[in-house]
Amino acid sequence: MIHAMLYSPFFGLATSIVSWCVGVKVQKKTGLILCNPLVIASVLILIGMNLFHIPLECYEAGGEMIQLMLGPVTAILALNIYRQRTVLKEYFVPVVAGCFVGSVTSIASVYLLCNLFGLDEALTASLIPKSVTTAIALGIAESRGGIQGIAAAGVIVAGVCGAMFAPLFAKWFHITEPVAEGLAIGASSHALGTTKAMEIGSVQGAMSSIAICVCGIMTSVLVLFL
Amino acid sequence: MNVMGELALIFGVCLVGEGIAALLPVAFPASVIAMVLLMVLLLTGVVKERYLQKATELMMVNMAFFFIPPFVGTLEYAELMKQQAVALLVVAGVTTPLVYLVTAWTVQGCMIWMKRRKKG
């Protein structure tokens, strides 16, 4: 019976949803950026499987069903940019210029550093999209032969780093323009940073969520030239 | 539109995205094509925002949930990640402030230039 349960897709589905709910609760209680629900949920699942010696393939039957939704989840990001279309029109030139330069900087710096550390192609391909939002980053990593999980980890590190230090960055780098601050947060630390940007101000929040989509599209096109 | 209709629309767009991706001569993520496609449909008014309300809200609020499986999947690469942990952290940690700095200064420069042009 246990065997049948473990190998049922419901195993992966149920454990994922339960641990996700726990992760969301913990973040609400602590309010810490580091207590990211995604990280908490994944760590819980990994610990559980290790503890009870459950092979990864048991989880994957349900995991694959969830992963199938990555496409739709990415597609609906279109709504974000649609909702900001008036602001986008007003600041079209700075948005396009900032996101373009930001995306190029991100790809080039990651590529150079990976080469410096002598990381192999699969790892480099996984880290290249680390500045864009997870849904798009996973798509890019997959299309370039990267490892999706490592891509997700890179994205999280960038996001947490940006969300934690965004206010400090603005001070250190003398960023006074709210539009510049918002776009920079979105370009460097995607959705996690955007949460912080919304706390800083409404212009910053709007700009940051525009940058997520624009940088995502630009990065997926730019990596083709690598 | 009810939730099922909304889902049908979203899945349909994704399906067309996969089709276009298969036609392209380069490896390009089908999900990004679907996103651009949906954006065009929204901007041209073919698809109205209210056609997507219920289904997207559920997905947007819980977006990171869908990233759990790839994260759990890293278990397979635990050894590789342990070996390269320092490199991975340095790459992600150093490039993030750099991207912030370059983007912010580009935009700030851009805006100063635009203001000057308006005055002149």
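None of the figures in this text is laboratory data; all of them are computed from the coordinates on show. A quick note: this is a predicted structure, and the numbers were derived from the prediction, not measured. Every residue, glycine among them, receives a Cβ derived from its backbone with ideal geometry; neighbour counts consider all protein chains shown.
Report the convex hull volume per residue for region A:78-225, counting only C-alpha atoms, in Å³. List each step's numbers first, then the result.
Values: hull volume 14.9 nm³, N = 148.
That works out to 101 Å³ per residue.
Which lysines have a Cα lying under 22 Å from the Cα of A:Lys29, excluding residues fewer than 8 positions away in the same chain?
By straight Cα distance, A:Lys29 reaches A:Lys196.
I need the phi-derived Karplus couplings for region B:58-69: 6.51 cos²θ - 1.76 cosθ + 1.60, θ = phi - 60°, integer Hz, Gly and Pro marked x.
Per residue, the Karplus-derived 3J(HN,Hα) values read 4, 6, 5, 5, 10, 3, 5, 4, 6, 9, 5, x Hz.
Pairs of Cα atoms under 8 Å, at least six residues apart: use those to get the relative contact order of chain A, whole percent.
On the way: 294 pairs, mean separation 41.3, N = 226.
Contact order relative to length: 18 percent.
Evaluate the Kirkwood expression for the hydrodynamic radius of chain B, namely the inverse of the mean inverse distance over all pairs of different C-alpha atoms, and round to one decimal in Å. Intermediate results must be reported in sequence, preceding the final value.
Details: mean 1/r = 0.0530 Å⁻¹.
Evaluated over chain B, this radius sits at 18.9 Å.
Among B:Ser31, A:Cys21, A:Tyr82, flag the residue with its Cα farthest along the positive direction of the charge dipole of the protein assembly as shown, charges on Cβ as +1 for Lys/Arg and -1 for Asp/Glu.
In the protein assembly as shown, that residue is A:Tyr82.
Using only C-alpha positions, report the orientation-averaged shadow area of the convex hull of region A:2-68, nm², one decimal.
Details: hull surface 18.4 nm².
If I average the Cα hull's projected area over directions, I get 4.6 nm².
Provide Rg and Dmax in Å for region B:1-61, with only Cα atoms included in the calculation.
My reading of the Cα-based Rg and Dmax gives 12.2, 37 Å.
Below 17 Å, Cα to Cα, which aspartates and glutamates can A:Lys28 reach? Residues fewer than 8 away in the same chain don't count.
Once the sequence-local aspartates and glutamates are set aside, what remains near A:Lys28 is A:Glu199.
Using a Gaussian network model of chain A with C-alpha springs under 10 Å, which one of A:Ser188, A:Ser106, A:Ser202 is most mobile by mean-square fluctuation?
Looking only at A:Ser188, A:Ser106, A:Ser202, the biggest GNM fluctuation is shown by A:Ser202.
Divide the volume of the convex hull of the Cα atoms of the protein assembly as shown by its number of residues and quote the answer in cubic angstrom per residue. It would help to have the intermediate numbers written out before the result.
Details: hull volume 51.3 nm³, N = 346.
Once divided by residue count, the hull of the protein assembly as shown is 148 Å³.
What Kirkwood hydrodynamic radius do you get for region B:69-120 when you take the inverse of the mean 1/r over all pairs of distinct Cα atoms, in Å? Spell out each step's value before the answer.
Values: mean 1/r = 0.0699 Å⁻¹.
After inverting the pairwise mean of 1/r, the radius is 14.3 Å.
Per residue of A:77-89, what is the mean number of Cβ atoms on other protein chains within 10 angstrom of that residue's Cβ? Intermediate results must be reported in sequence, preceding the final value.
Details: counts 9, 14, 11, 4, 6, 8, 2, 0, 3, 0, 0, 0, 0.
Mean partner-chain Cβ count within 10 Å for A:77-89: 4.
Near B:Lys82, which lysines are there with a Cα under 28 Å away, not counting those fewer than 8 places off in the same chain?
Cα-Cα hits under 28 Å: A:Lys130.
Within 10 Å of each Cβ of A:137-147, how many other protein chain Cβ atoms are there on average? Spell out each step's value before the answer.
Working: counts 3, 5, 9, 5, 2, 5, 8, 2, 1, 0, 7.
Rounded to a whole number, the mean comes out at 4.
Mind checking which of A:Ala184, A:Ile150, A:Leu123 is farthest towards the positive end of region A:78-225's charge dipole, using Cβ charges of +1 (Lys, Arg) and -1 (Asp, Glu) about the Cα centre?
The residue sitting most towards the positive pole is A:Ala184.
Evaluate the charge dipole of region B:71-120 about its Cα centre and quote only its size in Debye, nearest 20, assuming +1 on the Cβ of each Lys and Arg and -1 on the Cβ of each Asp and Glu. Can you show the working numbers first?
Working: 6 positive and 2 negative charges, 176 e Å.
Using only the charged Cβ atoms, the result is roughly 840 debye.
Assign one of three labels to region A:154-207, namely rounded, prolate or oblate, based on the Cα gyration tensor with a ≥ b ≥ c the square roots of its eigenvalues; rounded applies when a/c is under 1.5, prolate when it is not and a/b is larger than b/c, and oblate otherwise.
Numbers: a/c = 1.90, a/b = 1.31, b/c = 1.45.
It is oblate, given that a/c is not under 1.5 and a/b is not larger than b/c.
If every alpha-carbon in region A:1-160 counts as one equal scatterer, what log10 I(q)/I(0) does Debye give at q = 0.09, 0.10, 0.13, 0.20 1/Å?
-0.40, -0.49, -0.80, -1.35
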